[in-house]
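Down below is the structure, laid out as structure tokens.
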Amino acid sequence: MSESSEMRVDHVSIAVRNIDTALAFFRRCLPIDMRVEKCPGYTDDFNWCDFYVGPFKLELIEPTRPDSFVQRFIDKRGEGLHHLSVEVTGLEPLTERLEAEGVRLVDRFDAGNGDTTAFISPRSAHGVLIQFWQVPRIATPERPRTAALRLRSGETVTLRVDHVAMAVRSIDATREFYRRHFPIDAGRDTHPGYDGTFLLCHFMLNGYKLELIEEAPGGPPGFVTRFLQRRGEGFHHISIDVDRLDPLVAQLAADGVRIVDRHDMGGGWKTAFISPRSAHGVLIQFWQTPEGS
């Protein structure tokens with residue numbers, strides 16, 4: 001990686017039919033801190049807003065007309081995770097190098113005043129659309145590590161977004177793509193998942209944790225197998241650590257939020273997911289780990 005192409009993941013973006021409706025849902029379920037209220041995008045076919053959960057930034061995008069790229073995405077795949085946005089200090093030399101190495105770039109745009117962007121096609125990036133934004137320098141905002149959500153019972157739960165997960169056909173091939181084109185740090189090696197039907201690994205991109213999951217060879221078909229058969233490679237879920245899972249899930253369920261795949265592994269390890277049918281196409285995992293782990 002060239003020194004002129006420093007990188008930092010800024011946010012993950014969610015395509016929704018209506019920002020106001022989606023934002024109301026996320027306000028109920030997560031301790032969000034608004035950064036930018038809904039406003040027009042850099043082209044006139046979409047609106048956007050963004051917010052933090054602790055240090056983790058989420059963006060919502062909605063279409064403003066039928067031919068919007070957001071509307072095309074929703075028509076094809078439904079609401080859900082749309083792209084990963086990466087700040088970069090040397091966009092032009094980076095894109096030149098990527099194209100020379102056979103990476104497919106799409107949707108370049110110059111908004112003026114130094115604001116330029118380009119995307120790696122999902123066809124090159126194992127199903128994930130990756131945006132690059134030119135910035136003058138890399139600066140990580142000072143944000144609290146966790147965020148607290150006060151429940152109606154009077155209890156408070158503490159949450160921390162841990163990672164974004166991608167379902168892939170081959171962890172080795174996908175990890176090699178990121179090693180070749182991004183300044184990643186090795187995380188945990190490939191190991192079995194909690195139910196034995198999948199394998200996973202983690203790596204870091206300038207402090208941002210990404211997870212790869214693949215079906216376990218020779219094992220029974222599981223959720224990764226079903227996902228790949230139905231949707232192909234791409235974003236799978238956002239994982240959030242929580243200090244006490246049960247009271248949070250109880251309130252969500254009471255509010256009509258669909259909870260799926262709840263597991264108690266014993267020893268303080270618990271997990272549960274908010275169904276994409278409730279969360280505007282996003283699968284949200286909550287993890288409770290033993291205290292001090």
Next on the checklist: For the list (1) out of contact with any strand residue (DSSP E or B) (no Cβ under 6 Å at 6 or more places or on another chain); (2) closer than 25 Å to V242 by Cα, I need the number of the one condition that I32 fails.
Outcome noted: (1)
Checklist outcome for this item: By residue number, the members of the stretch 23-76 that are in contact with a Phe, Trp or Tyr (Cβ under 8 Å, 6 or more places away or on another chain), of a type in the set (S, T, N, Q) and at pLDDT 95 or above are T64, S68
Checklist entry - In the stretch 278-290, is there at least one residue being open to solvent by 60 Å² or more (accessible area, probe 1.4 Å) and not aromatic (F, W, Y)? => result no
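Counting just the residues of the stretch 57-66 that are crowded, with 18+ Cβ neighbours inside 10 Å and among the charged types (D, E, K, R), which one comes out farthest from the chain's Cα centre (by Cα)?
Within the stretch 57-66, the subset crowded, with 18+ Cβ neighbours inside 10 Å is 57-63.
Then drop every residue that is not among the charged types (D, E, K, R), which leaves 57, 59, 62.
Values: K57: 9, E59: 10, E62: 17 Å.
Looking at residues that are crowded, with 18+ Cβ neighbours inside 10 Å and among the charged types (D, E, K, R), I get E62.
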Checklist entry - Can you name every residue in the stretch 196-252 that is among the polar types (S, T, N, Q) and in contact with a Leu (Cβ under 8 Å, 6 or more places away or on another chain)? => result Q251
Next on the checklist: Testing G187 on (1) within 30 Å of G90 (Cα to Cα); (2) among the small types (G, A, S); (3) open to solvent by 70 Å² or more (accessible area, probe 1.4 Å), one condition comes back false. Which one is that?
Outcome noted: (3)
Next on the checklist: Which condition from (1) in contact (Cβ under 8 Å) with a residue 24 or more places away in the chain; (2) under 25 Å from C29 (Cβ atoms); (3) surrounded by fewer than 20 Cβ atoms within 10 Å (Cβ to Cβ) is the one that A254 breaks?
Outcome noted: (1)
Item to check | Given (1) in contact (Cβ under 8 Å) with a residue 60 or more places away in the chain; (2) surrounded by 18 or more Cβ atoms within 10 Å (Cβ to Cβ); (3) within 27 Å of I61 (Cβ to Cβ), index of the condition T271 fails | outcome: (3)
Checklist entry - Yes or no: F235 assigned to a strand (DSSP E or B), in contact (Cβ under 8 Å) with a residue 40 or more places away in the chain and either among the aromatic types (F, W, Y) or at positive phi (or both)? => result yes
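Output the residues belonging to the stretch 97-137 that are of a type in the set (S, T, Y) and open to solvent by 20 Å² or more (accessible area, probe 1.4 Å). Talk me through it step by step, then tell me what you get.
So the first thing to find is which residues in the stretch 97-137 are of a type in the set (S, T, Y), and the list is 116-117, 121, 124.
Once the filter is applied, which keeps residues that are of a type in the set (S, T, Y) and open to solvent by 20 Å² or more (accessible area, probe 1.4 Å), the stretch 97-137 yields T116, S124.
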Item to check | The listed residue being more than 14 Å from V9 (Cα to Cα), in contact (Cβ under 8 Å) with a residue 24 or more places away in the chain and among the acidic types (D, E), out of E96, E142, E87, E79 | outcome: E79
Next on the checklist: When the residues of the stretch 206-220 are narrowed to those that are of a type outside the set (G, A, S) and modelled with pLDDT under 95, which ends up most open to solvent (accessible area, probe 1.4 Å)?
Outcome noted: P217
Next on the checklist: Residues that are open to solvent by less than 60 Å² (accessible area, probe 1.4 Å) and at positive phi: does the stretch 145-167 have at least one?
Outcome noted: yes
Checklist entry - Applying the selection to the stretch 239-285, what residues are over 17 Å from the mean Cα position of the chain (by Cα), acidic (D, E) and in a strand (DSSP E or B)? => result D261, D264
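The values are calculated or read from the model by the stated rules, or taken from the named source; none is laboratory data. This is a predicted model, so every value here is computed, not measured. Glycine also receives a Cβ, built like all others from the backbone with ideal geometry; neighbour counts cover every protein chain displayed. Surface accessibility is based on the protein's heavy atoms, side chains included, excluding ligands, DNA and RNA. Shrake-Rupley method; radii C 1.70, N 1.55, O 1.52, S 1.80 Å.
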